[in-house]
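Comments concern the structure below.
Coordinate-derived values only; no laboratory data. Small disclaimer: the values here were computed from a predicted structure and weren't measured. Note that we place each Cβ from the backbone using ideal geometry, even for glycine, and neighbour counts take in every protein chain shown.
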Amino acid sequence: MILYPAVDIQNGKAVRLKQGRAQEFTIFDQDPVHAAKLWESRGARRLHVVDLDGAFDGAAKNRPIVQRICESLDIPIQLGGGIRSEAVAAAYLETGVSRLIIGTLALEQPDLFARLCEIFPGKVGVSLDAAGGRLKSRGWVADTGLTVDEALPRLLEAGAAFVIYTDIERDGMQSGVNLKALEHLAEISSVPVIAAGGVATLADVQKLYPLTLSTRLEGAVSGRALYEGTLNLEEANAWIDARSKKCLPDKETTGQVSAEADVVPV
């Protein structure tokens with residue numbers, strides 16, 4: 001299981017929103033690059049970066065900051081927000097982003113999304129952001145009229161390499177994860193799924209972990225909880241590592257593995 005600290009960029013600063021509302025933000029670091037380096041120093045294995053200005057305005061305004069983050073870190077970085085053309089997607093990958101998260105374009109321009117998946121195989125994922133069971137786009141302010149079950153088959157057919165699911169009503173609220181919705185999505189998806197929204201404590205990580213053994217759940221994104229300290233990254237990673245070791249082959253046996261090793265978590 002992989003924990004992704006989130007660095008959300010708005011007006012050049014690292015912030016967190018509540019339920020995706022642009023006007024309800026908290027500044028956690030004046031410099032997003034500093035925030036990114038902090039999480040790497042504390043043991044992050046991957047980083048989740050969002051250009052909030054790009055998500056709302058449809059333009060990659062914070063690309064210079066993203067490039068500085070890529071140049072400063074050694075861990076893989078996934079990026080979302082404002083990626084609505086082939087040129088922008090290519091430019092971000094050239095700066096060192098390991099994979100892209102597409103939301104609005106995937107739902108509103110399916111042909112272009114499929115083309116991006118074809119041009120950049122394995123590097124393009126989709127962001128499914130839901131409130132009340134309905135998917136949102138354009139920085140979560142537009143209602144697509146679709147549910148996850150309606151949208152997912154087409155997106156997978158188009159070539160989405162992974163899925164990030166955000167429960168908007170829980171995002172930034174530290175109210176716990178929507179376990180039922182996540183379990184359903186992770187069971188019906190044929191590609192890795194990442195949870196976002198409401199991952200607030202170690203208990204939430206512990207609730208999600210079994211899904212990494214039985215479904216396609218790959219990990220979880222957390223932002224406000226990590227910044228405010230209700231979730232400790234080092235503690236959570238240590239707990240995951242301790243559990244994961246139980247799923248590895250027992251070196252003292254001859255070709256036998258432990259009873260918990262039917263599936264090795266990612």
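For region 2-239, what value does the Rg/Rh ratio take when both radii are computed over Cα atoms and Rh is the Kirkwood radius, given to two decimals?
Result: Rg/Rh = 0.92.
Relative to the Cα centre, what is the charge dipole magnitude of region 2-239, using +1 at the beta carbon of each Lys and Arg, -1 at the beta carbon of each Asp and Glu, and rounding to the nearest 20 debye?
My answer is approximately 160 debye.
Which pairs in the list K13/K123; K180/K207; K37/K123; K13/K37 are over 19 Å apart, alpha-carbon to alpha-carbon?
As for pairs spanning more than 19 Å Cα to Cα, those are K13/K123; K37/K123.
Which ordering of T95, T166 is given by a fewest-first count of other beta-carbon atoms within 10 Å?
Fewest-to-most ranking of T95, T166: T95, T166.
Which value, in Å to one decimal place, does the Kirkwood hydrodynamic radius take for region 200-247 when every pair of different Cα atoms is included?
11.2
List, largest first, the extents of the alpha carbons of region 1-107 along their principal axes, each in whole Å.
Its Cα atoms span 34, 32, 28 Å along the three principal axes.
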